[in-house]
Amino acid sequence: MSAWSPAFLPTLVRRERASLVAAFLAPVIALGGAIVLNLGLYILMGRDPVAVVHAMLLEPFLSWASFSEVLLKAGPLLLIAQGLAIGFRAKVFNIGAEGQFILGAIFASAIPVWFPQATGQWIWPAMLLLGAIGGALWASLTAFWRVRLNANEILVSLMLSLVAVQLLNYLLLGPWKDPNGFNFPQSVMFQYDAMVPTLIAGTRLNLSFLITLALSVAAWVFMQKSFIGYRLQVGGLAPRAAGYAGFREGWAIWLSLLIGGFAAGLAGAAEVAGPLGQLQRSISSGYGYAAIIVAYLGGLHPLGIIVSALVMAVIYIGGDNAMVSANLPIAAVRVFQGSLLLAYLVAIAFVRYRLEWPRPAHRSPS
């Protein structure tokens, strides 16, 4: 108990062993708590809670067209979150996935922007690869500053995201601006061979979703079955023990940030080569930040992240529906996302800790 705490207040005491059942139920309880909390908020705003629940949580599942949009939205969230979770488990906190996503989109767009007449099935795979490299290169700036200058990777990666936005603005308002785009800040429309093939006819869902699922399996194998993944986890859980075992901290920082940047850059490339078909200023709808919530809501486990990415995608698509049919402001959707993370952090805290109430002091007999 801290010195400033009143004697009658409980303290948090770490449990010797966290319950696996409780850890599994924590995201479920957090989701339920966030729903109840936000329904109360919608009632105070004068909105019909039944209409909001129907639009936000049910409509995304009522038609294949709506559910395909959920899967499309889940793709970048899932891919970025898988990359971030590897670093988070190694205690390397990459908060700049938004900027790495944007750089991936920029690198991928270079091919159709510079070679608009090019044809061939090589174009879209090359765009995905180039985008992944771009994201990794942007993340390498954070790794360099962290390892060589001991700068905080949270601040550096976050600030670099702001730089990435300005670089995007410069390109779309300058050299990459479509001359026939009616003065809109956007690039030319990409040619057919620069688009990722559609996965299911009649929907916008494309082949990048299967790539994301395959990489999610690869992330599970990497973290659970490989020696390198084991070294990263040991470095995060017990850095001193990792140092005694010869596991270098700098190596873990570089690898974690490069993996996160690679995943975010690949997601950015898939976005411009998929549903958008051009580079726009609105390329990222906050995917890089929402993926942090997805990673933690999934317990930083590759399989749990798949489920949490679908949940977050439902909130995105359902929130769009609720803005139209229930007159819900966009800020309310963002509050839902934030409250979901807050509820999860509270729930997981009680999985790892317990409340201990102070015992009454025994008075000595007079």
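The values are calculated or read from the model by the stated rules, or taken from the named source; none is laboratory data. Because the structure is a prediction, the values reported are computed rather than measured. All Cβ positions, even for glycine, are placed from backbone atoms using ideal geometry, and neighbour counts span all protein chains on display. We work out accessible area using only protein heavy atoms, side chains counted, and drop any ligands, DNA or RNA first. Shrake-Rupley method; radii C 1.70, N 1.55, O 1.52, S 1.80 Å.
Which ones in the stretch 278-322 are under 13 Å from Val333 (Cα atoms) and open to solvent by less than 10 Å² (accessible area, probe 1.4 Å)?
Ala290, Met312, Ala313, Ile315, Gly318, Gly319, Ala322
Within the stretch 180-202, take every residue that is among the β-branched types (Val, Ile, Thr) and in contact (Cβ under 8 Å) with a residue 24 or more places away in the chain and give me the one that is least open to solvent (accessible area, probe 1.4 Å).
Out of the qualifying residues, it is Val196.
Is one or more of the residues making up the stretch 128-140 outside any helix (DSSP H, G or I) and either buried (at least 19 other Cβ atoms within 10 Å of the Cβ) or of a type in the set (Asp, Glu) (or both)?
no
One line per residue, one yes/no per condition, for (1) within 17 Å of Pro76 (Cα to Cα); (2) modelled with pLDDT under 85:
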{"position": "Ala245", "(1), (2)": "no, yes"}
{"position": "Glu249", "(1), (2)": "no, yes"}
{"position": "Ser256", "(1), (2)": "no, no"}
{"position": "Phe262", "(1), (2)": "yes, no"}
{"position": "Gly268", "(1), (2)": "yes, no"}
{"position": "Gly277", "(1), (2)": "yes, no"}
{"position": "Ala291", "(1), (2)": "yes, no"}
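If you go through the stretch 146-172, how many residues are over 22 Å from the mean Cα position of the chain (by Cα), open to solvent by 40 Å² or more (accessible area, probe 1.4 Å) and at pLDDT below 95?
Here the count works out to 4.
Identify the single condition in (1) at pLDDT 90 or above; (2) within 27 Å of Leu162 (Cα to Cα); (3) in a helix (DSSP H, G or I) that Gln337 does not satisfy, given that it satisfies every other one.
Tallying (1) at pLDDT 90 or above; (2) within 27 Å of Leu162 (Cα to Cα); (3) in a helix (DSSP H, G or I), Gln337 fails exactly one: (1).
Could you say whether any residue in the stretch 269-286 is over 29 Å from Ala194 (Cα atoms), of a type in the set (Val, Ile, Thr) and in a helix (DSSP H, G or I)?
No, there is no match, as no residue in the stretch 269-286 is over 29 Å from Ala194 (Cα atoms), of a type in the set (Val, Ile, Thr) and in a helix (DSSP H, G or I).
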